[in-house]
Amino acid sequence: GEAEPADNTHPVLVLLPGIMGSHLDADGDRIWLDPLDLACGRLSRIAMGGRRTVCANGLVGLAYGGLADHLEGSHRVIRHDYDWRQPIRALGVELAGVLREALRKHPDQPVRILAHSMGGLVVRAAFAADKTLWRDLVARPGGRLLMLGTPNHGSHLFVETLLGQSETVRMLARLDMKNGLQSVLDIVAAFPGAVHL
């Protein structure tokens, strides 16, 4: 890979994916998005309240890799993965810390945010958690927020998901050789991040 640009030569861009756009590992084993683990019925390993330690581990490259790579030609990109199962408010507090650190670490550059879908709600939660963050971000020339497809009034698509009618959840149920549609729905419906959509 190319060397990272010097801190003072490129604007900073924080890239947030949408729901299901970050890989999730359970005790170090990638579950989302690993087709083999999903086919073996291991979605339950990232169920809420389980005994395993679940953490985000990178953006799903198939969805965001090309965009992130392209943006690195003009920006210092921070790929902000997050555990999309968690409550949006908690994810916002975490993101507020990341944005504050970017502002502190790169004082001579604008900080920009590109947020897709649920990522935009996480950004709004970050601004709610840190009341002066937005003001500080746009105080620098070039500070911006771009939301792509953010469901600011809720997501009808995720209502379909929770009812078992979306293609995503039906695909998961078809892929899962061990559990049926209801098992998949029970796991997904318990994710606070999904319900908050």
Inset, instruction - Kindly list, by first and then second residue, each pair from a residue in the stretch 43-56 that is farther than 7 Å from Ala26 by Cβ to a residue that is aromatic (Phe, Trp, Tyr), limited to pairs with Cβ atoms under 6 Å and residues at least 6 apart or on different chains. - result: Ala56/Tyr82
Legend entry - Sole exception among (1) in a helix (DSSP H, G or I); (2) out of contact with any Lys or Arg (no Cβ under 9 Å at 6 or more places or on another chain); (3) closer than 27 Å to Gly50 by Cα; (4) touching a residue at least 24 places away in the same chain (Cβ under 8 Å) for Gln182, by number: (4)
Inset, instruction - Restrict the check to the stretch 34-50 and report whether at least one residue is open to solvent by less than 30 Å² (accessible area, probe 1.4 Å), in contact with a His (Cβ under 7 Å, 6 or more places away or on another chain) and not in a helix (DSSP H, G or I). - result: no
Inset, instruction - Take His106 and decide whether it is open to solvent by less than 40 Å² (accessible area, probe 1.4 Å) and of a type outside the set (Lys, Arg). - result: yes
Inset, instruction - Considering only residues that are in contact (Cβ under 8 Å) with a residue 40 or more places away in the chain and open to solvent by 50 Å² or more (accessible area, probe 1.4 Å), look in the stretch 79-101 and name the one that is nearest to Asp130 (Cα to Cα). - result: Arg89
Legend entry - Residue list for the stretch 80-111, restricted to those being part of a loop (DSSP other than H, G, I, E, B) and among the acidic types (Asp, Glu): Asp81, Asp83, Asp108
Inset, instruction - Taking the residues in the stretch 120-179 that are of a type in the set (Lys, Arg) and in a helix (DSSP H, G or I) as candidates, determine which candidate is surrounded by the most Cβ atoms within 10 Å (Cβ to Cβ). - result: Arg124
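The values are calculated or read from the model by the stated rules, or taken from the named source; none is laboratory data. None of the values given here were measured: they were computed from a predicted structure. When we count neighbours, we look across all protein chains shown, and the Cβ atoms used for this are built from the backbone with ideal geometry, even at glycine. SASA here: full protein model, heavy atoms, side chains in, ligands and nucleic acids out. Shrake-Rupley method; radii C 1.70, N 1.55, O 1.52, S 1.80 Å.
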